[in-house]
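Structure first, commentary second.
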Amino acid sequence: MSSSADVLAAGPAAPDPGRAAPARKLLIRTWGCQMNVYDSGRMADILAPLGYAPTERAEEADMVILNTCHIREKASEKVFSDLGRLRVTKNERRAGGKDTIIAVAGCVAQAEGAEITARAPWVDIVLGPQTYHRLPEMVARASRAAGAVIETDFPAEDKFDHLPETRGPSGPVAFLTIQEGCDKFCSFCVVPYTRGAEFSRPAAAVIAEARRLAAGGAREIVLLGQNVNAWAGEAPRTVSGGASPGGGWGLARLLRELAEIPGVARLRYTTSHPRDMGGDLIAAHGEIPALMPYLHLPVQSGSDRVLAAMNRGHGAELYLSLADRLRAARPDLALTSDFIVGHPGETAADHAATMRLVERVGFAGAYSFKYSARPGTPAAAQPGAVAEDVKDARLGELQALLRAQADAFNRALVGRTVDVLVTGAGRHPGQVAGRSPWLQPVHAPMASGGTAPVGAVVPMTLRAAHPNSLSATLVLPEETAAA
Ligand code: 5AD
Ligand code: SF4
């Protein structure tokens, strides 16, 4: 599953603190989940002491990192087409006397390291998600080596212990990885193979990072993990009233602690598994005001037969009862989900069961995909492949229903005055942009007399619902006072 083939056994090349690193440019392209977005940020942090400053343009980049996603076939194919274009750029830069280091990181690197170096020998570094703390050493080796440097082990040491502290968020919304990996082995999924076994970061490390993020201006912290609600940690010694003797913390307890950090106005967590949705976490949705009324809880299918074939470890009833209990705790909760249509063996009746589940739950949004066979996963060897045109028809029907539900959810908010976290300028001049408690992007004209500095949580009245955003108007101070 993993391999490590070093072309040179050189020692780490730590930056010399006495000498300023030469100015260099770094381009990171990120695909896939928010975890990859977080990892890309951390890779930029690691490389900054070597003199690498961010750029958006491949032509001026001394190093390009493609942080890749392997979850569906389409995502991995994109990597190879991007590598083809980068070969041209690398050759052009070389003709101008400049070197370019090309690195492939993330889950495609983990799963297809050998294929990458065979198909794209101009790649200098291949690194898996568990090894990016070794990047400076790999960069030094790549500059000297005549072949690719590959690091796709699951190292015994904890990557998080070897990473520099986060340099702070780049805006009021910050991601914080608290858990990685997956032991659930859903039939269709590559994650247990690319990200390894479930691992939770200690509570003390998470709290310390959250404090740094808040001190750096983060108002909304999004906790990340492939199975984030499976997070379990030792109670930190510095926190009183924590664990019962010998006991640990679950995610609900961690959220309560994070909500107390000065500056933290909002918390979210993603992605969760129905099996790990415990009573304390459900209750937390009604009890922690900073915990936003939003939960992404993938169900994948509404058919018990397909859920069993998927090895999900839950049926449709469990999901429906979770939705009811969550809404009892937090009536305005926006529930979103992931679906796969056309898993091997899925019949028309199974698909009808998925449609029924969607109708009963009512989702605020969802991602839905056609099943795509991933090499090495159990489903890829299961019989009963569903024809492509059948998958297309089922996906179309499912997406139409999900779209209608999302539109209805958004429209129901029009007319309400809600708290919006201001994240920056809008796309049009004179606009501010932000996000609602339910994670919808919101934009509003900067009315004279209104103030909406970045990072502020301000009341806005929602005026119209669009397919992917809401438009709003700022509530002026005198209106707030009158209310
Ligand atoms: N085919 C299609 N969709 C998949 N997903 C994961 N693996 C596959 C696959 N082989 C979807 C699941 C998951 C989301 C991140 O991607 O719905 O929740
Ligand atoms: Fe993949 Fe299933 Fe694990 Fe989610 S729970 S990462 S779908 S194996």
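Would you kindly derive the ³J(HN,Hα) couplings of the range 316-327 from the backbone phi angles with the Karplus curve 6.51 cos²θ - 1.76 cosθ + 1.60 (θ = phi - 60°), listing them in order in whole Hz, with x for Gly and Pro?
Ordered by residue, 3J(HN,Hα) equals 5, 4, 4, 5, 4, 6, 4, 4, 5, 5, 5, 6 Hz.
Mind listing the long-range amide H neighbours of ALA105? Cut-off is under 5 Å, sequence gap 5 or more, other chains count too, H placed in the peptide plane at 1.01 Å from N.
LEU66, ASN67, THR68, LEU127
Can you give me the solvent accessible area of PHE185 with a 1.4 Å probe, rounded to the nearest 10 Å²?
The accessible area comes out at roughly 90 Å².
Whole number please: convex hull volume per residue of the Cα set in the chain, in Å³? Kindly include the intermediate steps, with their values, before the conclusion.
On the way: hull volume 84.9 nm³, N = 483.
Dividing the Cα hull volume of the chain by its residue count gives 176 Å³.
Which cysteines in the chain lack any other cysteine whose Cβ sits under 4.7 Å from their own Cβ?
Lone cysteines by the Cβ rule: CYS33, CYS69, CYS107, CYS182.
Tell me, what HN-Hα J-couplings in whole Hz come from the Karplus equation 6.51 cos²θ - 1.76 cosθ + 1.60 at θ = phi - 60° for each residue of the range 63-73, using x for Gly and Pro?
9, 10, 10, 9, 9, 9, 10, 10, 5, 10, 4
I need the phi-derived Karplus couplings for the range 90-106: 6.51 cos²θ - 1.76 cosθ + 1.60, θ = phi - 60°, integer Hz, Gly and Pro marked x.
4, 5, 5, 5, 4, 4, x, x, 10, 8, 9, 8, 10, 10, 10, 10, x
How high is the relative contact order of the chain, in percent, counting Cα pairs under 8 Å that sit 6 or more residues apart? List each step's numbers first, then the result.
Values: 951 pairs, mean separation 47.2, N = 483.
Computed over the chain, the figure is 10 percent.
Considering only protein heavy atoms and a probe of 1.4 Å, how much of the accessible area of the range 300-422 is carbon and sulfur, as a whole percent?
On the way: 2960 of 5310 Å².
Result for the range 300-422: 56 percent of the exposed heavy-atom area is carbon or sulfur.
Semi-axes, largest first, in whole Å: what does sqrt of 5 times each Cα gyration tensor eigenvalue give for the range 294-450?
Details: eigenvalues 257, 65, 35 Å².
For the range 294-450, the semi-axes come out at 36, 18, 13 Å.
Give the peptides 380-387, 430-437, 320-327 in descending order of average Cβ contacts within 10 Å, highest first. Before the final figure, lay out each step's value.
On the way: 380-387: 12.9, 430-437: 20.0, 320-327: 17.0.
Ranked by mean Cβ neighbours within 10 Å, highest first: 430-437, 320-327, 380-387.
Dipole magnitude of the range 194-299 about its Cα centre, charges +1 at Lys/Arg Cβ and -1 at Asp/Glu Cβ only, in debye to the nearest 20? Don't skip to the end; give the middle numbers.
On the way: 11 positive and 9 negative charges, 47 e Å.
With Lys and Arg at +1 and Asp and Glu at -1, about 220 debye.
Per residue, how much space in cubic angstrom lies within the convex hull of the C-alpha atoms of the range 261-308?
Numbers: hull volume 4.4 nm³, N = 48.
Hull volume over Cα atoms, normalised by residue count, gives 91 Å³.
Cα-Cα over 30 Å: which of LYS78/LYS184; LYS74/LYS184; LYS78/LYS98?
Details: LYS78/LYS184 27 Å; LYS74/LYS184 23 Å; LYS78/LYS98 26 Å.
Over 30 Å apart, Cα to Cα: no pair at all.
What is the pair-distance distribution P(r) of the range 49-133, computed from all Cα-Cα distances in 10 Å bins starting at 0, with each bin given as a whole percent?
Answer for the range 49-133: a P(r) of 17, 50, 29, 3 percent.
Could you tell me the distance between the Cα centroids of the range 123-154 and the range 284-360, to the nearest Å?
The range 123-154 and the range 284-360 have Cα centres separated by 40 Å.
Rank these residues by their accessible area, most exposed first, probe 1.4 Å: THR336, THR117.
Values: THR336 10, THR117 35 Å².
Per-residue accessible area, sorted high to low, gives THR117, THR336.
Treating the beta-carbon of each Lys and Arg as +1 and of each Asp and Glu as -1, no other charges, what is the dipole magnitude of the chain about its Cα centre, to the nearest 20 debye? Provide the component values of the computation, followed by the final result.
Details: 50 positive and 50 negative charges, 143 e Å.
I would put it at about 680 debye.
Using the heavy atoms of the protein chains alone and a 1.4 angstrom probe, what is the accessible area of the chain per residue in square angstrom?
Working: 20800 Å² over 483 residues.
Normalised by residue count, the accessible surface of the chain is 43 Å².
Using protein chains only and a probe of 1.4 angstrom, how many square angstrom of ASP304 are accessible, to the nearest 10?
Ignoring ligands and nucleic acids, ASP304 comes out at about 90 Å².
Using only protein heavy atoms and a 1.4 Å probe, report how much of TYR52 is accessible, in Å² to the nearest 10.
About 20 Å², rounded to the nearest 10.
The values are calculated or read from the model by the stated rules, or taken from the named source; none is laboratory data. Computed from a predicted model, the values in this text were never measured in an experiment. Glycine also receives a Cβ, built like all others from the backbone with ideal geometry; neighbour counts cover every protein chain displayed. Remember, those area values only see protein heavy atoms, side chains included, never the ligands or the DNA or RNA. Shrake-Rupley method; radii C 1.70, N 1.55, O 1.52, S 1.80 Å.
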